[in-house]
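The values are calculated or read from the model by the stated rules, or taken from the named source; none is laboratory data. This one's a predicted model, so the numbers in the text were calculated from it and none came from an experiment. Virtual Cβ from ideal backbone geometry, glycine too; neighbours counted across all protein chains shown. Side chains included, ligands, DNA and RNA excluded: accessible areas come from the protein's heavy atoms. Shrake-Rupley method; radii C 1.70, N 1.55, O 1.52, S 1.80 Å.
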Amino acid sequence: MAKKEEENFAKKDQFTLTMIPSGFARKMRTCVIWQFIRFIAINIKMLVVVSKSH
Amino acid sequence: MARLIVMGGGVSGHTAATFAKKWLGNEHEVVVVTPNSQWNWIPSNIWVGVGQMNKEDVVFPLAPVYEKAGIDYRQAKAISIHPYGNKQSDKEYITIEYTGQGKEGQTEELTYDYLINATGPKLNFDATPGLGDGKGQMGSNTVSVCTADHAVHANLELQQIFEKAKKGERQKILVGTGHGMCTCQGAAFEYIFNIEHEAKKAGVRDMLDIKWISNESFLGDFGMGGLHMKVGGYVVSSKLFAESLFSERDVPWLIGAHVSKVEKGKAHYELLDGTTGVEEFDFAMLIPPFAGVGFKAYDKEGEDMTDVIFAPNGFMKVDAKYDAGAYENWKASDWPRTYQNPTFKNMFACGIAFAPPHLISKPASSVNGTPINPTPPRTGMPSGIIGKAVAHSVCDMIKNGAENAHLHEASMAEMGAACVASAGKGLTTGTAAAMTVYPVVPDFEKYPGTGRDTDYTFGEIGLAGHWIKHILHHLFIYKAKLKPGWTLIPE
């Protein structure tokens with residue numbers, strides 16, 4: 001039985017060779033605690049790029 | 001007292017004008033000429049286009065801000081540039097035509113000592129038959145999110161589609177680029193995924209067929225040849241991530257497509273392999289190609305000298321290498337550094353208004369010879385940084401003399417950009433792709449392989465990206481309103 005997160009990838013031929021995010025990866029995208037940590041990390045990365053660009 | 005005229009009040013022009021006034025003080029005059037009465041934070045228009053923000057959330061009136069800053073604001077469109085003056089005077093000037101302030105339709109000549117062209121683009125809807133109305137405006141066959149008013153209209157149309165879907169009528173949505181030479185794929189990318197997100201929330205996703213059409217030769221090109229990111233021990237192309245995201249959301253794609261004609265409910269296209277086809281739709285948002293706003297330039301005798309100052313596409317020539325030739329010869333050093341016009345040293349261009357030396361993406365055309373490739377993006381962070389650098393140069397020229405001044409540099413081949421592309425709005429359910437790219441224009445001599453520094457080029461999708469985009473919305477509007485501490489917020 002196909003996992004729910006994989007269902008769409010069988011709908012079109014052009015979908016079949018693409019990467020499929022796991023259910024865990026999809027869940028972590030909206031996990032508030034993990035995303036708060038990523039928020040800090042992304043901001044630091046962006047500030048570094050911004051500082052290198054001015 | 002010197003007078004600086006800034007033509008355009010968007011991200012780049014507003015940045016240039018406000019910093020110039022701050023640095024020059026009241027000893028010198030800064031004039032902004034823009035046909036708009038309101039400033040628009042364009043990146044949030046996509047949320048207006050799906051009904052998640054109102055127009056008032058993304059615009060504010062310019063007049064009070066410029067009055068507070070001491071900037072002379074003319075709500076007018078610039079018509080022509082006269083860099084040698086006229087028969088009566090050697091003083092350079094521009095002609096403007098008012099669009100507001102109770103002087104609608106009146107023309108005026110404004111002399112200048114320094115000129116910054118930051119007009120942004122002309123939305124060239126008429127480049128594709130049926131995309132425009134034949135009079136330079138958007139037609140009735142498709143919608144747009146390029147301006148706040150367009151986005152309001154787009155949302156009204158979209159809600160009708162959702163209503164029909166709720167009644168059980170299957171609907172087809174087409175989003176992407178409306179011509180083979182478009183840029184701004186990012187805005188269309190954000191819009192299609194916000195539609196998809198809202199459709200799920202409204203419970204109508206199963207009744208919608210949503211399709212992407214674009215002039216990119218691969219998904220994730222974004223007009224900058226894509227980007228590579230370090231993931232799981234690999235350096236991975238944005239193509240893989242984009243294709244994965246589109247597949248995950250059940251959004252098929254048609255790429256390498258030049259939309260050649262639009263009719264009611266139909267988009268005709270040509271692909272890179274020369275085949276043609278028709279994509280039917282009930283709702284379509286197709287980004288128009290950009291062109292220069294169509295300034296004319298005249299010499300002292302009144303003879304047309306537009307081609308001296310402007311490239312054929314209407315964008316202003318700056319210190320770029322315009323004769324780089326074939327793709328194999330392109331270098332990062334082709335890109336402009338100071339944005340000074342090579343003929344007139346008191347003239348600069350910033351933001352979309354400067355003529356890029358060539359594409360960033362690899363050029364492509366169909367077997368029939370139709371060019372189908374994204375044009376270079378010059379919006380967002382680079383636009384603001386360039387505006388500030390140009391203002392800095394002009395201020396130094398005014399204060400130290402044109403000969404002694406240091407010209408400030410902001411090459412897109414040496415600067416990075418942070419970009420946040422929304423894929424759905426919601427405090428705990430929203431997601432966005434947060435990306436940085438360094439440098440914007442790949443430098444294959446300095447970074448052989450991907451052309452970019454993969455330590456500073458990254459991307460990931462998640463709720464954190466959405467929070468950042470939302471915070472940036474408020475931060476940049478705060479900055480544009482010149483509220484306390486505005487200079488501390490980076491471009």
In region A:1-12, anything facing chain B (nearest Cβ under 7 Å) and either assigned to a loop (DSSP other than H, G, I, E, B) or open to solvent by 40 Å² or more (accessible area, probe 1.4 Å) (or both) is listed as A:K11, A:K12
Among strands (runs of 3 or more DSSP E) lying entirely in region B:330-437, which contain 2 or more residues that are small (G, A, S) and open to solvent by 10 Å² or more (accessible area, probe 1.4 Å)?
B:417-424
Tell me whether region B:2-19 contains one or more residues that are open to solvent by 30 Å² or more (accessible area, probe 1.4 Å) and of a type in the set (A, V, I, L, M, F, W, C).
yes
Check whether at least one residue in region B:463-484 is modelled with pLDDT under 95 and not in a loop (DSSP other than H, G, I, E, B), and report yes or no.
no
How many residues does region A:18-54 hold that are touching an Asp or Glu at 6+ places or on another chain (Cβ under 8 Å) and within 24 Å of B:V251 (Cβ to Cβ)?
7
When you scan region B:241-259, do you find a residue that is among the β-branched types (V, I, T) and within 14 Å of chain A (Cβ to nearest Cβ), even just one?
yes
Can you tell me which of (1) open to solvent by 30 Å² or more (accessible area, probe 1.4 Å); (2) on the phi > 0 side of the Ramachandran plot; (3) in contact (Cβ under 8 Å) with a residue 12 or more places away in the chain is the one B:K166 doesn't meet?
(2)
Inside region A:13-45, can you point out the residues that are assigned to a loop (DSSP other than H, G, I, E, B), over 19 Å from B:F458 (Cβ atoms) and open to solvent by 70 Å² or more (accessible area, probe 1.4 Å)?
A:T16, A:L17, A:I20
Quick one: would you say B:D149 is within 18 Å of the chain's Cα centre (by Cα), of a type in the set (D, E), away from every other protein chain (no Cβ under 12 Å) and under 20 Å from B:A421 (Cβ atoms)?
no
Could you say which residue among A:I40, A:I33 is β-branched (V, I, T), more than 9 Å from chain B (Cβ to nearest Cβ) and either touching a helix residue (DSSP H, G or I) at 6+ places or on another chain (Cβ under 8 Å) or without any contact (Cβ under 8 Å) to a residue 24 or more places away in the chain (or both)?
A:I33
Can you pull out every residue in region B:112-168 that is part of a helix (DSSP H, G or I) and among the charged types (D, E, K, R)?
B:D126, B:D149, B:E157, B:E163, B:K164, B:K166
For region B:266-291, the count of residues that are part of a loop (DSSP other than H, G, I, E, B), in contact (Cβ under 8 Å) with a residue 60 or more places away in the chain and open to solvent by 10 Å² or more (accessible area, probe 1.4 Å) equals 5
When you go through (1) touching a helix residue (DSSP H, G or I) at 6+ places or on another chain (Cβ under 6 Å); (2) away from chain A (no Cβ under 14 Å) one by one for B:K264, which number turns out not to apply?
(1)
Report yes if some residue within region B:152-162 is closer than 18 Å to B:N36 by Cβ and either at pLDDT 95 or above or in contact with a Phe, Trp or Tyr (Cβ under 7 Å, 6 or more places away or on another chain) (or both); otherwise report no.
yes
Taking only region B:213-233 into account, find how many residues are farther than 19 Å from B:I360 by Cβ and more than 11 Å from every other protein chain (Cβ to nearest Cβ).
3
Consider B:F283 against the criteria (1) farther than 24 Å from B:L359 by Cβ; (2) aromatic (F, W, Y); (3) within 14 Å of another protein chain (Cβ to nearest Cβ): it satisfies all of them except one. Which criterion is unmet?
(3)
May I ask you to list pairs of residues, at least six apart or on different chains, whose Cβ atoms are under 6 Å apart, with the first in region A:18-29 being under 12 Å from B:S244 (Cα atoms) and the second being in a helix (DSSP H, G or I) and not acidic (D, E)?
A:T18/B:S244; A:T18/B:S247; A:M19/B:L240; A:M19/B:S244; A:I20/A:F9
Criterion: away from every other protein chain (no Cβ under 12 Å), under 20 Å from the mean Cα position of the chain (by Cα), surrounded by fewer than 24 Cβ atoms within 10 Å (Cβ to Cβ) and assigned to a helix (DSSP H, G or I) - qualifying residue of B:A188, B:A199:
B:A188
Scan region B:440-456 and tell me whether some residue there is assigned to a strand (DSSP E or B), open to solvent by 30 Å² or more (accessible area, probe 1.4 Å), among the acidic types (D, E) and touching a strand residue (DSSP E or B) at 6+ places or on another chain (Cβ under 9 Å).
no
So which of B:E198, B:E243, B:E248, B:E190 ends up being under 20 Å from B:K425 (Cβ atoms) and free of Cβ contacts under 8 Å to residues at least 40 places away in the same chain?
B:E248
Have a look at B:S238, B:S217 and point out the one that is among the hydroxyl-bearing types (S, T, Y) and open to solvent by 30 Å² or more (accessible area, probe 1.4 Å).
B:S217
Scanning for something touching a residue at least 24 places away in the same chain (Cβ under 8 Å), of a type in the set (G, A, S), closer than 21 Å to B:A2 by Cβ and open to solvent by less than 50 Å² (accessible area, probe 1.4 Å), does region B:306-321 turn up at least one residue?
no
Against the condition surrounded by fewer than 22 Cβ atoms within 10 Å (Cβ to Cβ) and farther than 23 Å from B:G139 by Cα, how does B:V231 come out, does it pass?
yes
Qualifying residue in region B:122-136 (condition: open to solvent by less than 60 Å² (accessible area, probe 1.4 Å) and within 28 Å of B:C395 (Cα to Cα)):
no
